[in-house]
Protein chains: 2
Amino acid sequence: MATIRDVAKLAGVSVATVSRVINKNGYVNQGTEQKVRKAIQQLHFEPNAVARGLASKRTGTIAVILPDITNPFFAEMARAVEDEARKHGFTVILCNSDDQGAKEKTYIEVLKKKYIDGIIFASQTLGKEDVAQMKKHNIPLVVLDRAPSEEDCSIVRSQNSMGAQVAVRHLLETGCRKIAHIYGPQEITTAKERLLGYEHAVKGFDWFTPTLMVPGNFRLDGGMKAVELLLEQHPDVDGIFAGNDLMAVGALKALHRLGIRVPDQIAVCGFDGIYLTEIMEPELTTVAQPIYEMGSLAAEILIQKINGTLQENQVCELEVSLIARNSTRRERMK
Amino acid sequence: MATIRDVAKLAGVSVATVSRVINKNGYVNQGTEQKVRKAIQQLHFEPNAVARGLASKRTGTIAVILPDITNPFFAEMARAVEDEARKHGFTVILCNSDDQGAKEKTYIEVLKKKYIDGIIFASQTLGKEDVAQMKKHNIPLVVLDRAPSEEDCSIVRSQNSMGAQVAVRHLLETGCRKIAHIYGPQEITTAKERLLGYEHAVKGFDWFTPTLMVPGNFRLDGGMKAVELLLEQHPDVDGIFAGNDLMAVGALKALHRLGIRVPDQIAVCGFDGIYLTEIMEPELTTVAQPIYEMGSLAAEILIQKINGTLQENQVCELEVSLIARNSTRRERMK
DNA sequence: CTGAAAGCGCTAACAG
DNA sequence: CTGTTAGCGCTTTCAG
């Protein structure tokens, strides 16, 4: 555990000089630099990150706060964030919030104490106060996937309302004449936007009635329960657009248990594009977001902000794309 | 950003005293403690974790190194680790290694520099040198899921060989008379143990032949390819035991594409007990490990080691349990 | 281009 | 029970 002092001594220079060469800042004579590098090698010197953090207030660590890493959507995002972070020499702290404001706040407290360099927030919308506080403490923030566009921070999101409309249109095209929607928790922006998109797309049809919109929870079981509820009220539904893939998978499962054939009797379309959709039988049609790209873009923006390469807040809305698969491929279409 | 000095001044005591009350160590007079607490409140003082880390060499941070958070098995483990860590006031750094030794080593370097308090290793078996090095640097280590039992560190694992035998026996009981095995990468201990367990269970049968053991990669696509390969050589196979659930899912998928009915024509059994097995159609029989428990146990042991509550290395082998589902429920059994 | 020196904010002997 | 005082190992002015 050699220290910078040992290196300085061995190289016959001051610690300041050593610091300059390891940080590549300030002018250092070529010769001196060589001496220093040699000393570093000889002593197997590795700068101590904690000491560095204390002195510079930068720790090379970012945090990603998400609802639950067990959710494949967030796992993929987290993976992207970590990959991008590593590329830039940053390390990632994982925080599962379960969408509980309390946990989120606790984390933010802890992270501040740890001199975290920045935060990627993919959990429930954080309040304006939080954003303001982060800003005051001068800790960069980028919000991922779930954020109203008015917040004062960088945002990476995708076209939710539009995607929902695309989904509905697709279901109509495959021949559906009564399409229901399973929506996610309305505190979550994306869920709300998708619901709005659905409403917008269907409100002109005479078959539309508000009870075609049934609540879910963005989880598998929510999708299952929603289907049961839905079919009680509307046994004649022939298309379901779920607010996310997890619920679509749940719906598929429930339909299967009820002995209802997909897509013949009911077509199903999800939203997100997680890999699960490809695994299911039938494979699930979905409105795919570029999940990995969203994660790495968020990390990239964050790191640029940290490095000061980027000043203004970015608001990126990425494109979604419909991936048509067997869960909406009707007999008649073949 | 009040510092401990500000608090000391306001409370009219020394920084040492303040340090004592925030760390709850050493004796402090009740009255003084009250004064200090009051000062802390007034100033909204929050001890700086980095400074603390530098002075004490403990950062309240642990790392979990795993192959890929995108793999549901590891996501669940990571979740468990994080939950347990948070309970104890620790924070978790996420490291995806892709089972590449190089990445693992790089991480270990970085983590050392950051004064990480301990590491949970769920990635490819790390070499004895690594373990020794960790030990030298006095950084606690617990190896999760994938480790030979001879290493000099704490280990949390489950009964792989036994589980494999249970799987084979189960397949036999459901009426299979020619059972194949798709095994995982042999560098990975668990894969090897399961293969051995399979061999042990089947070697007495006259139908057994080595080509019934086909290689996979512990991933979905590996399971799919393995099935194709297998059926070319052994069209009469009527049972498949996959080395993990992901490959079992892949196998299911491939069989479905080939128009082979599961379980009627071929029964399939996986290993791990990830939630995916419940989602599939048919639901997948699997030898379940207590994944979450493994993660939290590992974290618990690690934290005890960090806190000095625990000295000796623990080697925990947890029980597996067969969960029989429709992928092995044969016609004849109904 | 280089060095001296003052911290960063806290912990932990050691003395009292 | 409490205060003094060294550091922890590095960064960063400020002179030179």
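Structure notes:
- Verdict on B:ILE274 being assigned by TED's automatic domain parsing to the domain that holds B:MET213, farther than 26 Å from A:MET247 by Cα and modelled with pLDDT of 95 or more: no
- Qualifying residue in the stretch B:98-111 (condition: closer than 23 Å to B:ILE323 by Cβ, out of contact with any Leu (no Cβ under 7 Å at 6 or more places or on another chain), in contact (Cβ under 8 Å) with a residue 60 or more places away in the chain and open to solvent by 20 Å² or more (accessible area, probe 1.4 Å)): no
- The set of residues in the stretch B:8-31 being open to solvent by less than 30 Å² (accessible area, probe 1.4 Å) and more than 10 Å from DNA strand C (Cβ to nearest atom) consists of B:ALA11 alone.
- Unmet criterion (only one of (1) touching a Pro at 6+ places or on another chain (Cβ under 8 Å); (2) open to solvent by 40 Å² or more (accessible area, probe 1.4 Å)) for B:SER158: (2)
- Test set (1) within 14 Å of another protein chain (Cβ to nearest Cβ); (2) touching a strand residue (DSSP E or B) at 6+ places or on another chain (Cβ under 8 Å); (3) at pLDDT 95 or above - B:HIS88 fails condition number: (2)
- B:ARG330 vs. criteria of a type in the set (D, E, K, R), over 18 Å from B:THR190 (Cα atoms), open to solvent by less than 20 Å² (accessible area, probe 1.4 Å) and not assigned by TED's automatic domain parsing to the domain that holds B:ARG86: yes
- Residues that are surrounded by fewer than 16 Cβ atoms within 10 Å (Cβ to Cβ) and outside any strand (DSSP E or B) within the stretch B:314-323 comprise just one, B:GLU319.
- Filter pass, A:LEU246 being more than 14 Å from chain B (Cβ to nearest Cβ), within 26 Å of the chain's Cα centre (by Cα) and over 17 Å from A:LEU172 (Cβ atoms): no
- Selected residue (criterion: farthest from A:ASN138 (Cα to Cα)) from residues of the stretch A:62-71 that are facing another protein chain (nearest Cβ under 10 Å) and open to solvent by less than 10 Å² (accessible area, probe 1.4 Å): A:ILE69
- Condition met for B:ALA49 (hydrophobic (A, V, I, L, M, F, W, C) and within 8 Å of chain A (Cβ to nearest Cβ)): yes
- Close pairs from the stretch B:193-206: first assigned to a loop (DSSP other than H, G, I, E, B), partner of a type in the set (D, E, K, R), Cβ under 9 Å, at least 6 apart: B:PHE205/B:ARG177; B:PHE205/B:LYS178
- Search result, residues across the stretch B:161-186 that are part of a strand (DSSP E or B) and open to solvent by 10 Å² or more (accessible area, probe 1.4 Å): B:TYR183
- Filter pass, A:ALA122 being at pLDDT below 95, of a type in the set (Gly, Ala, Ser) and either closer than 25 Å to B:ILE116 by Cα or in contact with a Phe, Trp or Tyr (Cβ under 8 Å, 6 or more places away or on another chain) (or both): yes
- Which listed residue is within 30 Å of A:PRO72 (Cβ to Cβ) and either within 8 Å of another protein chain (Cβ to nearest Cβ) or surrounded by fewer than 18 Cβ atoms within 10 Å (Cβ to Cβ) (or both), from B:ARG79, B:ARG58, B:ARG37, B:ARG5: B:ARG79
- For the stretch B:82-97, a residue qualifies if it is within 21 Å of B:ALA55 (Cβ to Cβ) and open to solvent by 20 Å² or more (accessible area, probe 1.4 Å), and the qualifying residues are B:HIS88, B:GLY89, B:PHE90.
- The stretch B:33-63 - residue that is over 14 Å from B:TYR115 (Cα atoms) and hydrophobic (A, V, I, L, M, F, W, C) and, of those, nearest to DNA strand D (Cβ to nearest atom): B:VAL36
- Subset of the stretch A:18-32 that is near DNA strand D (Cβ under 10 Å from one of its atoms) and in contact (Cβ under 8 Å) with a residue 12 or more places away in the chain - its residue that is nearest to A:ALA8 (Cα to Cα): A:VAL18
- Lone unmet requirement of (1) crowded, with 16+ Cβ neighbours inside 10 Å; (2) over 27 Å from A:MET134 (Cα atoms); (3) of a type in the set (Lys, Arg) for B:ARG52: (2)
- The listed residue being touching a Pro at 6+ places or on another chain (Cβ under 8 Å) and either more than 14 Å from DNA strand C (Cβ to nearest atom) or on the phi > 0 side of the Ramachandran plot (or both), out of A:THR61, A:THR106, A:THR91, A:THR70: A:THR70
- Yes/no for A:GLY295 being within 29 Å of B:ASN326 (Cβ to Cβ), open to solvent by less than 40 Å² (accessible area, probe 1.4 Å), at pLDDT 95 or above and not in a loop (DSSP other than H, G, I, E, B): no
The values are calculated or read from the model by the stated rules, or taken from the named source; none is laboratory data. Model, not experiment: these values are computed from the prediction. When we count neighbours, we look across all protein chains shown, and the Cβ atoms used for this are built from the backbone with ideal geometry, even at glycine. For accessibility, only protein heavy atoms count, side chains too; no ligands or nucleic acids. Shrake-Rupley method; radii C 1.70, N 1.55, O 1.52, S 1.80 Å.
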